[in-house]
Amino acid sequence: MAWDFETDPEYQEKLDWADAFVRNEVEPLDLVWEHQQFVPLDGLRRKAIDPLKEQVRQQGLWATHLGPELGGQGYGQLKLALLNEILGRSSWAPIVFGCQAPDTGNAEIIAHYGTPEQKARYLQPLLDGEIFSSYSMTEPQGGADPAQFRTRAVRDGDDWVINGWKYFSSNARTAAFLIVMVVTDPDVPVHKGTSMFLVPTDTPGVEIVRNVGLYGEPMNDGTHALIHYNDVRVPHEALLGAEGQAFAAAQTRLGGGRIHHAMRTIGLAQKAVDMMCERVLSRETAGSRLADKQTVQGYIADSYAQLAQFRLFVLNTAWKIDKYNDYKKVRKDIATAKIVMPTVLHDIAWRAMQVHGALGVTNEMPFFRMIHGAAVMGLADGPTEVHKTTVAKQVLRDYEPTDDMWPSEWIPKKQEAARAKLADYLELEVGNQ
């Protein structure tokens, strides 16, 4: 037997430190500098945040997804999952711990596929938390379908010239560079004909047309850019990885990243549960506490069950990634976590909002932000429907069709087979009557 649901004491101490640190030191940043996580630090914010980053480094918890050669601890996915559960409570926490998306995934791609010169120029400042990056893949006409990609890079001597449009390039407005996925060979299937380029955001021809915001944010003041690449010329050395290998490289940033997102979502959902439980114990109506109402008790039980199931599933998936060291073997489970994640957060946040009454729907409580975040999760890194297709195909690989007219579990046929198997005993039974 090798089942074990305990964390080793040494790492648990680090998790306990991180939990108290995030609650006491990092969560206040969310209230004072909201929506400024990806704005390069200025004098005042740097004075407040750099010391926090240093404390994280001293604890050995800075950029723990990276190997020691890149300044991290090289933690496996299970340890990262437990830490990310804590970081999910605060939008500033990933910044302070050096593991914010999309920079973590972008850093992993550069670490795996970048040249020494690319690593020196882009990777090290990214790991130091001094610059931000943007992953520029989605196109306005194609959405989640890469077969619709039209942005092209054409070789011109020693350079490549990029033309086309990209949509929802998150954090482009404050990023120092973009990782741009483009078609370089339109005559082969898109998964073999796309390449990645490292493009500084100040390159001539990189035109941010709109900074699209999420619902409730001011128009054209969001963080998701619509970009026109208008004759953007970059040297051949800007190619990230081999030509035509963009999709293979992209998988480097997606598998583990989805588990990190799932565990941060669990931490955020737990925060909603905490608020719900405090509210129902503190509020009285119609002669008794909300906690004594059967419907409210159902909210709490459903939320606990939903969150516990999802948490164990995600931790099991992280354990499988560590065990097999092969994302393809765990593809089904990673996609399943991506499917379930938005529903868990939505349902729990909605219940918590409901028990807060009118206060719950105001901007003085965070529930609608959570609910809206759940909607975003159902689209980011591919819509839920696409991941359901992936899961279904993976599940069906373990099954075979029956050639019989009836299902293999058709009871009359199984009864006949059972009687034939036990015929000797049945004859004795008849004879003894």
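What follows draws every value from the coordinates through simple rules; no lab data is involved. On a predicted model such as this, the values are computed, not experimentally measured, just so you know. Glycine also receives a Cβ, built like all others from the backbone with ideal geometry; neighbour counts cover every protein chain displayed.
Listing H65, H372 from the residue with the fewest other Cβ atoms within 10 Å to the one with the most, what is the order?
Neighbour counts put them in this order, fewest first: H372, H65.
For the chain, restrict the atom set to alpha-carbon positions and state the Rg and Dmax in Å.
25.8, 96
Which of rounded, prolate, oblate describes the range 12-168, given a ≥ b ≥ c as roots of the alpha-carbon gyration tensor eigenvalues and a/c under 1.5 marking rounded, otherwise prolate only if a/b is larger than b/c?
prolate
Sorted from fewest to most neighbouring beta carbons within 10 Å, what does the list L70, L78, L396 look like?
The fewest-first ordering by Cβ neighbours comes to L396, L70, L78.
If each residue's Cβ is checked for other Cβ atoms within 10 Å, how do T104, T265 rank with the fewest at the top?
If I rank by nearby Cβ atoms, fewest first, I get T104, T265.
Under a point spin-label approximation (7 Å from Cα along Cα-to-Cβ), what is the L41-L312 distance to one decimal in nm?
4.1
Peptides 13-24, 341-352: what's the order by average Cβ count within 10 Å, highest mean first?
Ranking, from highest mean packing down: 341-352, 13-24.
Rounded to whole Å and sorted largest first, list the principal axis extents of the Cα atoms in the range 161-280.
Taking max minus min along each principal axis of the Cα atoms, the range 161-280 gives 60, 32, 23 Å.
Sum -39500 (n - 2.57) across every DSSP H segment of at least 4 residues in the chain, then divide by the residue count to get the 222 nm mean residue ellipticity, nearest 500.
-15500 deg cm²/dmol
For the range 133-240, what relative contact order do you get, as a whole percent, if you take Cα pairs closer than 8 Å and at least 6 residues apart?
That works out to 30 percent.
So if R0 is 22 Å, what FRET efficiency would E237 and D156 give, r being the distance between their Cβ atoms, rounded to the nearest 0.05?
Once the sixth-power term is evaluated, E becomes 0.95.
R369 versus K414, label points 7 Å from Cα toward the beta carbon: distance in nm?
So the label points at R369 and K414 sit 5.3 nm apart.
Give the Rg (one decimal place) followed by the Dmax (whole number) of the range 241-388, computed from C-alpha coordinates and expressed in Å.
Gyration radius and largest Cα-Cα distance of the range 241-388: 18.2, 70 Å.
Assuming 0.36 nm per residue, please report the length gained on full extension of the stretch N220 to R289 beyond their Cα-Cα distance.
20.3 nm
What FRET efficiency would be calculated for the residue pair Y324, N163, taking the C-beta separation as r and a Förster radius of 35 Å, to the nearest 0.05?
That gives a FRET efficiency of 0.30.
By its C-alpha gyration tensor, with a ≥ b ≥ c as the square roots of the eigenvalues, how is the range 216-257 shaped: rounded for a/c under 1.5, else prolate for a/b larger than b/c, else oblate?
It comes out oblate by the Cα gyration axes.
How much length, in nm to one decimal, is gained on full extension between V209 and M405, taken as 0.36 nm per residue of separation minus their Cα-Cα distance?
64.5 nm
What FRET efficiency would be calculated for the residue pair D19, D187, taking the C-beta separation as r and a Förster radius of 56 Å, to the nearest 0.05?
The calculated FRET efficiency here is 0.55.
In terms of Cα to Cα distance under 17 Å, which aspartates and glutamates are near enough to K14, apart from those fewer than 8 places away along the same chain?
Hits, sequence-local ones excluded: E6, E25, E54, E85.
Does the range 210-279 classify as rounded, prolate or oblate by the C-alpha gyration tensor (a ≥ b ≥ c root eigenvalues; a/c under 1.5 gives rounded; else a/b over b/c gives prolate, otherwise oblate)?
Verdict is oblate for the range 210-279.
For the range 57-69, just list the computed ³J(HN,Hα) in residue order, Karplus coefficients 6.51, -1.76 and 1.60, θ = phi - 60°, integers in Hz, with x standing in for Gly and Pro.
4, 5, 7, x, 10, 7, 6, 5, 6, 9, x, x, 5
Sticking with the crude label model, points 7 Å out along Cα→Cβ, report the distance from A358 to D4 in nm, one decimal please.
Result for the modelled spin labels: 5.5 nm.
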